[in-house]
């Protein structure tokens, strides 16, 4: 009989260590914890374990981290880490220490080398830079999928419906994003998927105070998405957000944006490949 396959478990932290130490100065996240968990499970992880990163964990020595967390709690047998992985108090733990302790405690360690595209090392910093300048195609190439935002649809002020463009609203008050503007994309939900014109911003024309994502689903008969968890893929940036003198000018701009979204999809071969978990 063959050896029983061990579960593939991913260990992550909340908040991220860099956020714990740098606070507001830390880089903007590419994905929320939920989005990261969904993507990891979709791409082959059997389980994602999130450990709270607090002062005690920050002060834990590298050796104690291995004994208490990796061996004591996770009972690790085979460990995979990035090529620049550091851990433990003052980042004193490294691959060499893991190998040494693995021989003592009964687990093996493998190091993932840098992943290169066009001679460049793929990194979250690079993806973030692509998104900030609106290069969604290159960001998708580095990510291996379109950049997407997940959230639960909430009832808004119904302004979009009054203007003739009903939207699914995802409040973003608890997170920052590396991009803003008007986009062509897709909205995926448990009840269907649609091409969409998407706005991410403060809605300056109506004196908006909070960051919000609004997705107008094309060729959809006002689907009832309230309360559903959805995924919004961003495929192409049309323009930056603007403040208009009145609602008539805003309506004209939205009509033009919708037309551009249709043109984008008419000339595009992008396929639908959502990684959102299909649950409400």
Fill in: Matching residues in segment 53-69 - criterion: being touching a strand residue (DSSP E or B) at 6+ places or on another chain (Cβ under 9 Å) and more than 18 Å from residue 16 (Cα to Cα)
63, 66
Discussion item. With at pLDDT below 90, surrounded by 16 or more Cβ atoms within 10 Å (Cβ to Cβ) and either in contact with a strand residue (DSSP E or B) (Cβ under 6 Å, 6 or more places away or on another chain) or assigned by TED's automatic domain parsing to the domain that holds residue 26 (or both) as the only criterion, which of 197, 139, 148, 220 stands out?
Written reply: 220
Response to the item:
Subset of segment 15-41, residues in contact (Cβ under 8 Å) with a residue 12 or more places away in the chain and surrounded by fewer than 14 Cβ atoms within 10 Å (Cβ to Cβ), comes to 21, 28
Fill in: Matching residues in segment 139-165 - criterion: being part of a helix (DSSP H, G or I) and within 21 Å of residue 176 (Cα to Cα)
139, 140, 142, 143
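Table: residues versus (1) in contact (Cβ under 8 Å) with a residue 12 or more places away in the chain; (2) surrounded by 16 or more Cβ atoms within 10 Å (Cβ to Cβ); (3) not in a strand (DSSP E or B).
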site: 56; (1), (2), (3): no, no, yes
site: 63; (1), (2), (3): yes, no, yes
site: 71; (1), (2), (3): yes, yes, yes
site: 90; (1), (2), (3): no, no, yes
site: 96; (1), (2), (3): no, no, yes
site: 100; (1), (2), (3): no, no, yes
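The values are calculated or read from the model by the stated rules, or taken from the named source; none is laboratory data. Computed from a prediction, not measured in an experiment: that's the story for all the values here. Virtual Cβ from ideal backbone geometry, glycine too; neighbours counted across all protein chains shown.
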